[in-house]
Amino acid sequence: MNNYLAKSKPKETIQEHTDNLIKNYNILKSIYPSLEINWDILYEVCLLHDLGKMNFKFQDKIENGTRHKNEIPHGILSLAFIDARYLIKEKGYSKDDIKLMAHSIAYHHERDLKYTEEELKKEVELLKEEVKKFKYDKLEHINVRELSKRFFRKNYIKEEEDETLFYEYLLIKGLLNRIDYAASGYIPVENKNDFLLGNLDKLMDTWQKEDKHAGWNDLQKHMLENSNKNIISIAETGMGKTEAGLLWIGNNKGFFTLPLKTAINAMYNRITKDIIFDNYEKKVGMLHSDTYHKYLDKRDEYKDIDEYYTKTRQLSLPLTICTIDQIFDFTFRYRGFEPKLATLSYSKIVIDEIQMYSPDLVAYLIVGLKYITEVGGKFAILTATLPDIVVDLLKEENIEFMEPKTFTKKNRVRHSLKIINKKIDSKYIKELYDKNKVLVICNTVKEAQRVYKELKKDDVENINLFHSNFIKKDRKSKEDNILKVGDKNSDEYGIWVTTQVVEASLDIDFDILVTELSDLNGLFQRMGRCYRNRSFDKEGYNCFVFDAGEKKNTGVGNFIDENIYNLSKKALQLFDGTIREEEKMNLIKEIYNTEKLKDTEYYKEIKENINYIRMIDSFEKSKSEVKKIFRNINSVTVIPKDVYESNKKEIERYKTTINFKYDKNLSDEEIKKYKIQKRIARNKLQDYTASIPYHRIIRNIEEYLEINRYEKIPIFDCKYSYEHGIEYIKKDKSENGIENEIENRFF
């Protein structure tokens, strides 16, 4: 007998699966031969990691579906195939090498280890019989015996105990995971980036056909010339930061991080349209919580949407545009974090618009960059404004990088600033309108809804509202519309009342900005959506900032730090009229330095979060725990009641598709087809959901949409319309206590 199975659907023997691992091992080694890792150890663990699957209980489960209560994880049983004596004496491995192999194989799946020593001894004895029937030409030596406790005793190799061994382990184990996942998904572990610089040259050729003097600007040249260094560049809006970031990544594996999904979608669309347009599904992907949903929009262009999605999720593509939570959650060293950091060890990471992140996310970024540079990865911070406090924090962590360099278009003035010492006023906005493109940005959804309704009541034409409290389907529609109106070549006009959802990285260009003051960073980001890449050569103003006078703007003292708000308000009193880019950057330096901010809650929160991460033991937390912490998730996914009632039949139809059970006799191709249908149904169902703060749902949930025994979505009692989005209803305390049951386990 020589047909022990590693997988059931499709059926695959241990030898076939291991062959696929070795194939991917060779792909990885051929693309990244200089990666500082012990390739021999990685090869050994690829060969041995699944041999424990020979045991009867695993084979009975995979062949007949029988589950045995006391089955020992196959990763643990595979340790019996590590012949330490032979590997040390005949192949020259050290004892630490054996320890690395053992821990990498034992934890290549994160499972609870509840077996007893007696149970393990018994299973190892049974394996000795099974292995007599097993033949595999790639195994030079095979000997089954229980591995000494010197090499593995249900413990972890922790950073706190042996830093050198910890870094070696995370690379071996992380890359074993990457190779194993790729083999199981029947995709290559990596696609080589040998195209990006060539594609950027082609882009320049196109530009030069229109303007023979076109060329990379100083920012882009600087990024290209220093592409082998950790670098920080500060550049005003409209200087081609996307091209600059891509030139810095060059023909290497790269991640381009942005703070907002809206901005990621826009950058992905632009890159796949103008820069990487041939076979782009093999070269570039986007990664955030709605990736599959966004891919569905272009599914006619893909040969296999599932494969594209799998490659994206497994980080196999050469270039990935993503939110930071998709890669930086490794900072918590949770159980199973190793594949991400191992991947980043040979990657280049661009951090765009770092000033947009909240204090906790800044802390995770700082710690994350420390780990990335320790394992060999590189980073570039590319931003319109840079708080000096970030530079100081990087230095405190002993992270090496070039001193920040600033780039502006000298003598160009894009903005003329008018500070208005009162709360934002809809009548003021109406007087400014005159069939221009007017962008209004409020700090909160509630304030945006108020301003919109007042303008609507005054019969202002072409007025729109866009914020985060729309269901996904409507939000996408509004996002498409604002991009269309905000296109620099568009002749359309109107007023868009919005919130921070448009604050950064969104390629829109309005004629007039009217905004509540949040803080200086936020203000300058908002100003980047007005006269985006144009000179302002008119009389008067194009940016109107309401600072609330003696009062406070909405959101201040809540998610906007009150001290920084007051410092910003004070600094702006000196301005009336044109403001140059250098002046903006100097203001940021003046306000956001460590000396000025050391007593603010903002600074304290950053430091506390850095200390918190440092105090957590490696492997202490689970991935799901970290997901909640990292994103500071105090929000819940709901279906507004009005939406549910209006679309009940369709929602139930999606629910039926999601719960469809496969017939065991279906072919692999048919199963794949049904899986895609389920994913489409799940994404269609998401279209009817919105994310709202947790405290808002108390007393407003009376029922749930039960998807199955594991998943349910709260039906949220509120007013909802395409025009206004969610409007909250105040209720008295519920008598049935249903709020105590509120939980969301669906998305």
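So here's what we get for this one:
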item: Close pairs (8 angstrom Cβ cut-off, 6 or more residues apart or separate chains): in a helix (DSSP H, G or I) in segment 215-234, acidic (D, E) anywhere; result: Q220/E243
item: Any hit, segment 423-440, residues being under 27 Å from the mean Cα position of the chain (by Cα), in a helix (DSSP H, G or I) and of a type in the set (K, R); result: no
item: Any hit, segment 228-236, residues being modelled with pLDDT under 95, surrounded by 20 or more Cβ atoms within 10 Å (Cβ to Cβ) and acidic (D, E); result: yes
item: Out of I692, I707, sole residue that is modelled with pLDDT of 85 or more, β-branched (V, I, T), surrounded by 19 or more Cβ atoms within 10 Å (Cβ to Cβ) and at negative phi; result: I692
item: Test for N265: is it out of contact with any helix residue (DSSP H, G or I) (no Cβ under 8 Å at 6 or more places or on another chain) and either outside any strand (DSSP E or B) or of a type in the set (S, T, Y) (or both); result: no
item: Only one of T343, T262 that is among the β-branched types (V, I, T) and modelled with pLDDT under 95; result: T262
item: Any hit, segment 645-660, residues being open to solvent by less than 50 Å² (accessible area, probe 1.4 Å), modelled with pLDDT under 90 and on the phi < 0 side of the Ramachandran plot; result: no
item: Pairs, first open to solvent by less than 10 Å² (accessible area, probe 1.4 Å) in segment 244-256, second among the basic types (K, R) and part of a strand (DSSP E or B), C-beta under 9 Å, six or more apart; result: W248/K348; W248/K378; I249/K348; G250/K348; K253/K348; G254/K348; F255/K348
item: Complete set of residues in segment 350-400 that are among the polar types (S, T, N, Q), in a helix (DSSP H, G or I) and in contact with a helix residue (DSSP H, G or I) (Cβ under 8 Å, 6 or more places away or on another chain); result: Q355
item: Condition check for E110: open to solvent by 40 Å² or more (accessible area, probe 1.4 Å), over 30 Å from K69 (Cβ atoms) and part of a loop (DSSP other than H, G, I, E, B); result: no
item: Members of segment 1-21 found to be within 33 Å of the chain's Cα centre (by Cα) and loosely packed, with under 15 Cβ neighbours inside 10 Å, listed by number; result: S8, K9, P10
item: Pair list, Cβ < 7 Å and 6+ apart or interchain, from segment 286-299 residues that are under 17 Å from P259 (Cα atoms) and at pLDDT 80 or above to residues that are part of a helix (DSSP H, G or I) and among the charged types (D, E, K, R); result: M286/K294; H288/K261; D290/K261
item: Residue in segment 505-525 that is open to solvent by 30 Å² or more (accessible area, probe 1.4 Å), within 29 Å of the chain's Cα centre (by Cα) and not assigned by the TED database to the domain that holds T689 present; result: yes
item: Wholly enclosed helices (runs of 4 or more DSSP H) of segment 559-635 bearing at least 3 residues under 30 Å from N533 (Cα atoms); result: 562-572, 581-591
item: Every residue from segment 555-578 that is surrounded by fewer than 21 Cβ atoms within 10 Å (Cβ to Cβ) and of a type in the set (S, T, N, Q); result: N558, N563, N566, Q573, T578
item: Residue check, N191 at pLDDT 95 or above, farther than 20 Å from H74 by Cβ and surrounded by 14 or more Cβ atoms within 10 Å (Cβ to Cβ); result: yes
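The values are calculated or read from the model by the stated rules, or taken from the named source; none is laboratory data. Predicted model, so just to flag it, every value in this text is computed and none were measured. Don't worry about glycine lacking a Cβ; one is built from the backbone with ideal geometry, like all the others, and counts go over all protein chains shown. All accessible areas refer to the heavy atoms of the entire protein, side chains included, with ligands and DNA or RNA removed. Shrake-Rupley method; radii C 1.70, N 1.55, O 1.52, S 1.80 Å.
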